[in-house]
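For reference, the structure is listed below as structure tokens.
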Amino acid sequence: MAGDVKNLDARVLGQLFATQNILFVLPTMQRIAEFYAKAFVTVPGVRACRVCLGDASVQEGEFSCGDGVACAHLRSQEGKFATFAKEFECRFRDVPNLYVAVVETLEHRFGFFIFRIDQPDIFDLYQPFLSNVANFVALSLENRLQRNVLQKARDELECRVAERTAELNAVNRELNAEIEGRKRVEEALRASEANYRCLVETATEGIWMVGPDTMTIFVNTRMAEILGYQDTDMLGRPVTDFMFKEDTPDHLQKMANRRQGIAENYERRFLHKDGRIVWVHASATPIFDTEHHFKGSFAMLSDITERKQVEEAQRRLNRELRAISTCNQILMRAVDEQSLLNDICRIICDEAGYRMAWVGYAEHDETQTVRPVAWAGVEDGYLADANITWADTERGHGPTGTAIRTGNQTCIQNFMTDPQVAPWRESALQRGYRSSLAFPLKDERAVTFGALNIYATEPNAFTTDEIRLLEELAGDLAFGIVALRTRIERNQAEIALRESEQRVRRKLDAILSPETDISTLELSDIIDSEKIQKLMDEFYRLTNIGIGIIDLHGNVLVGTGWQDICAKFHRMHPESRQLCLESDLELSRNVPTGTFKQYRCKLNMWDIATPIMLGDKHVGNIFLGQFLFDDETPDYEIFRQQAQRYGFNTQEYLAALDRVPRWNRNTVNAAMSFYAAFAGLIGNLSYSNIKLANALEERKRAEAEIRKLSQAVEQSPEAIVITDPAGTIQYVNPRFTDMTGYLSEEAIGKNLRILKSGETSLAEYQQLWNTITHGSVWRGEFHNKKKNNDLYWEAVSISPVVDSQGNITHFVAVKEDITARKQAEEALRLLNEELEVRVSQRTAELEAANKELQEFAYIVSHDLKAPLRGISRLTQWIQADYTSVLDANGQEQLELLGEQVKRMDTLIDGILRYSRAAHSSEREESVDLNMLVSQVIDMLMPPAHIAIRLEGLLPVIQGDPIQITQVFQNLLSNAVKFLDKPTGMITITSEDAGENWVFRVEDNGPGIEPRHHERIFKIFQSVSSRNDRDSTGIGLAVVKKIVEFYGGRVWVESEPGQGSRFYFSWPKRIGEDV
């Protein structure tokens, strides 16, 4: 039986129990029969019911022909009920799906209930309770009969007391008999109460009763089990002892609602005895005594913790799938490593919802530092002070260091307790980090080069599925970084190779070809700086006189004898170094060939310059500088000011000044005469001899360059092929053999067509030949065939080689095997397709859940309206039958009850509207708001003292006209309803906000306090009085749901006494996902 009881519908039982309270106010047998006939047909399993009580006979539902004959027969034998009761019981056992409940006591038989059953299994669960109701009705009628008898006896006793004293003993005996009967009735009631208590204790839901002071006065065993307590541990304690502190204000508000007679259904989290969170669905109703004094609250609670956990896990997985899909798209488009890392961290925080994410690279310095290179989310200086290492030390045993050192992912599920994060615990908790994951980033050789770190705000936040998905993301990120670096390195190598080739070719052409224009040559192209440096070093040891050879760009090609005041001071500070460069380039201009110029530099040192000319071209200068003449005294104050201006150590700077050489003017002139001659030697010796000497030297260097280039080609990781203009192979490097399987001797002399697989179109080959035969570089990809017929992918760059007349002599092809990359791209494409399928599946599941929720709301509202209609009819009967009996207070209470029933009916309709709001519609179309808003105003029919005005023309928007009408109708009806001014003004305006339209509904009403601005958009929330029958607290919630469904948002600006301005935005283009 216990298993069956758990399947009972608590709402049906509640209705059956409620009928017993209503019985006492029904005046006649006819009313009682009508009431119970309507109540019984709502019981699951009952198809029809006939109630016969006294002279009254009422039927609800349809009986079959055979059932009708049976009912008529039973009614015809009513006078013989005592004699034929057993006979009827036996006879109706032969009638299928018919059940008779006799309404009788030990003293009287009042009638019977006949039930037509269509679901026997379900009816059997409720049959004991229906029999119990029949017993209760019999006891109540017996009690009513006994009261009438007693009243009659008392009346007779008062009339005959004087003359029938002798009969007192007989009357007393009758009274004693009545008392005994009453005892039997009370015993039956106690038995019934025991049955009810058994039902409560075996219920699958928790039952919690609290007094008006919110102290616990009763919990059943199931309620105590849900929270992990004994029932005695909970008695006498306030509900807030088992709640989160931040939920207390909402709990107190709901208790205030109970005091106002409001019942509510809501979800609430509680603290289990072991500290974990327990989620329940609560259905709470107020308790009042007969004088309508508030006595507390009765609530039935269902444990929904598992459902909440599943919903949260599903939400997180969907969020992570979307984030991974976005990350994969970024990986495919990335061109810059830093931007890639920044975007990945941002997406992990913004789309996956984590607190913070960062990427760190492992440095191979002495302390094995982990260097943060990118981060997003709430970082707040955490990484700057973290001092994380991957060494085998205390600060290397955290999740990041462990992941890098071991190459395995590391998970910290609770920062409060895990000893691995002890050095960072306080700082992490201050920033809201409660758990974290660290994933190693590995290159193509499986060597760890960094770590991806993710932080969450809850402990135990990472499930197995989350860790698996995030580990895939870390692997994709590492692959993307390695691929990006490889691509960049290859591009840089190609650029460096081309620049080196151009530089060598320019030198050879300039030196070896007499017809070449020498204006392109720099000083570094015509002198051997290394040899001259050695020569000048020997000259300095001999004479102690320095030299500097500087080109026209300020580059020092040869330098010896540099003084500390220049090397350690003037050329170290950026501002003073700029002055040195300006002195070298500006003050040394326009010096005639074979002469020199003496000047003070911009830092007050002496410099002397003589030009180096190549023909008529000035290519550089020879300097003698950083000295003082022996016949002058330096102005130390000027140098002291320079030290202060550029932040030099004054004492050290002046000491360096004292070490500057002092030369007499004859020595300087002699040295400069030598340097001028040396400059002339460089520029004016036989040009052909210089070219010959340089040609021999450059040829050696060119040969060395060629050898290096040859080694680079031979050892290149890419295959290199050189063909003649017809495509015949003349050279292949070893990598070509590795890629294709063709040996060098097998390939040379053959055409590149030996690699064709047939998967490349003739048009693409034609476009290739058109490109390279016109002197341009062609880049592309081929799906070619190896010698063993295996297919492979290669990225190819083909460049033409031209001679001095511009004729193409060869083609050079650089080939890279990208088969692995193509396979990875294909795997990534399949992964994206799988993700899209999974997202579609999740979307379908959510749509199904929304549909079920809508159907559930409709069923619930229908089931709630059924008893409301009964209560409404009962109220009308009482008002009709007891108008002369009820006083003014009774009439007022009945009117209040009627208003509350109407309010409940309005509230249920609002719930239906809310559940249906923002569902996709087949009627999405262009809507002219000027016409629609005018129709809404006409429907509202505002009072004469309220004017509604459109300011300017409203736009045409896209959407469902019915839903858009609901938005304006709710906003305008709210404004009309709450206007408290003698003259009311409501204005409607629109504004073009780029991708959205922004609408404003403004009134001059009472205004709203800022603390209510967010709350009023929640369902069942309103700033008006709870007694306001017209306010359900649903209208603005419907507005918010519809607007957000279309991708907009809604908000309010208001102050008390200054009216209200409601805004909502509406996208100009509705996305496909709406």
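The values are calculated or read from the model by the stated rules, or taken from the named source; none is laboratory data. Values in this document were obtained by computation on a predicted structure and should not be read as measured data. Methodologically, a virtual Cβ is constructed for each residue, glycine included, from the backbone with ideal geometry; neighbour enumeration extends over all protein chains shown.
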(request) Please go through the range 740-766 and pick out each residue that is modelled with pLDDT under 90, under 49 Å from the mean Cα position of the chain (by Cα) and not acidic (Asp, Glu). (result) Ser757, Gly758, Thr760, Ser761, Ala763, Tyr765
(request) Please specify each residue of the range 382-412 satisfying the condition of being of a type in the set (Gly, Ala, Ser), within 16 Å of Arg425 (Cβ to Cβ) and at pLDDT below 90. (result) Ala386
(request) Being in contact (Cβ under 8 Å) with a residue 40 or more places away in the chain, out of contact with any Leu (no Cβ under 7 Å at 6 or more places or on another chain) and assigned to a loop (DSSP other than H, G, I, E, B) is the filter here, so list the residues in the range 641-661 that pass it. (result) Gly647, Phe648, Arg659, Pro661
(request) Sort out which residues of the range 404-448 are buried (at least 17 other Cβ atoms within 10 Å of the Cβ), within 22 Å of Glu363 (Cα to Cα) and out of contact with any helix residue (DSSP H, G or I) (no Cβ under 7 Å at 6 or more places or on another chain), and write them in order of number. (result) Ile404
(message) Within the range 339-355, does at least one residue satisfy the condition of being over 18 Å from Phe462 (Cα atoms), free of Cβ contacts under 8 Å to residues at least 12 places away in the same chain and in a loop (DSSP other than H, G, I, E, B)?
(response) no
(request) Please specify each residue of the range 525-556 satisfying the condition of being surrounded by 16 or more Cβ atoms within 10 Å (Cβ to Cβ) and under 16 Å from Asp584 (Cα atoms). (result) Gly546, Ile547, Gly548, Ile549, Ile550, Asp551, Leu552
(message) Just the residues that are at pLDDT 75 or above and either among the aromatic types (Phe, Trp, Tyr) or loosely packed, with under 12 Cβ neighbours inside 10 Å (or both), please, taken from the range 835-879.
(response) Val837, Ser840, Gln841, Ala844, Trp877
(request) Go over the candidates Asp616, Asp551 one by one and state the one that is of a type in the set (Asp, Glu), under 18 Å from Gly683 (Cβ atoms) and free of Cβ contacts under 8 Å to residues at least 12 places away in the same chain. (result) Asp616
(request) Check off (1) farther than 30 Å from Arg485 by Cβ; (2) touching a Phe, Trp or Tyr at 6+ places or on another chain (Cβ under 8 Å); (3) in a helix (DSSP H, G or I) for Tyr433 and give me the number that stays unchecked. (result) (3)
(message) Considering only residues that are crowded, with 20+ Cβ neighbours inside 10 Å and of a type in the set (D, E, K, R), which ones fall in the range 564-597?
(response) Asp584
(message) Taking the conditions exactly as written (within 30 Å of Gln879 (Cα to Cα), surrounded by 15 or more Cβ atoms within 10 Å (Cβ to Cβ), modelled with pLDDT of 85 or more and among the polar types (S, T, N, Q)), does Gln15 satisfy them or not?
(response) no
(request) With respect to Cys65, determine if the residue is buried (at least 20 other Cβ atoms within 10 Å of the Cβ) and either at pLDDT 85 or above or farther than 24 Å from Arg11 by Cα (or both). (result) no
(request) Among the residues of the range 982-1006, write down those that are within 15 Å of Ser1054 (Cβ to Cβ), of a type in the set (D, E, K, R) and surrounded by fewer than 21 Cβ atoms within 10 Å (Cβ to Cβ). (result) Arg1000, Glu1002
(request) Taking the residues in the range 598-632 that are farther than 15 Å from Trp562 by Cβ and among the acidic types (Asp, Glu) as candidates, determine which candidate is surrounded by the most Cβ atoms within 10 Å (Cβ to Cβ). (result) Asp630
(request) Only one of these is modelled with pLDDT of 85 or more, outside any helix (DSSP H, G or I), over 30 Å from Ser524 (Cβ atoms) and not β-branched (Val, Ile, Thr): Glu637, Glu632. Name it. (result) Glu632
(message) Please go through the range 515-562 and give me each residue that is in contact with a strand residue (DSSP E or B) (Cβ under 8 Å, 6 or more places away or on another chain), modelled with pLDDT of 80 or more and in a loop (DSSP other than H, G, I, E, B), ordered by number.
(response) Ile545, Gly546, Leu552, Gly561
(message) Give me the residue from the range 705-725 that is under 21 Å from Thr740 (Cα atoms) and part of a loop (DSSP other than H, G, I, E, B) and, out of that set, farthest from the chain's Cα centre (by Cα).
(response) Asp724
(request) Tally the residues that are of a type in the set (A, V, I, L, M, F, W, C), farther than 14 Å from Tyr354 by Cβ and either modelled with pLDDT of 70 or more or touching a strand residue (DSSP E or B) at 6+ places or on another chain (Cβ under 6 Å) (or both), restricting the search to the range 321-343. (result) 7
(request) State the number of residues belonging to the range 594-624 that are β-branched (Val, Ile, Thr) and at pLDDT below 80. (result) 0
(request) Please give the number of the condition Ala362 fails out of (1) more than 26 Å from the chain's Cα centre (by Cα); (2) over 28 Å from Gln492 (Cα atoms). (result) (2)
(request) Tell me which residues, restricted to the range 797-840, are within 30 Å of Ile772 (Cα to Cα), outside any strand (DSSP E or B) and charged (D, E, K, R). (result) Asp803, Arg821, Lys822, Glu825
(request) Looking at (1) at pLDDT 85 or above; (2) surrounded by fewer than 16 Cβ atoms within 10 Å (Cβ to Cβ), find the lone condition where Asn453 falls short. (result) (2)
(request) Working only within the range 224-271, note down all residues that are farther than 14 Å from Ala284 by Cα and among the hydrophobic types (A, V, I, L, M, F, W, C). (result) Ala224, Ile226, Leu227, Met234, Leu235, Phe242, Met243, Phe244, Phe270, Leu271
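Quick grid of which residues meet (1) in contact with a His (Cβ under 7 Å, 6 or more places away or on another chain); (2) outside any helix (DSSP H, G or I); (3) more than 16 Å from Val133 (Cα to Cα); (4) modelled with pLDDT of 85 or more:
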residue: Asn21; (1), (2), (3), (4): no, no, no, no
residue: Glu34; (1), (2), (3), (4): no, no, no, yes
residue: Thr42; (1), (2), (3), (4): no, yes, no, yes
residue: Arg50; (1), (2), (3), (4): no, yes, no, yes
residue: Ser57; (1), (2), (3), (4): no, yes, yes, yes
residue: Val69; (1), (2), (3), (4): no, no, yes, no
residue: Phe88; (1), (2), (3), (4): no, no, yes, no
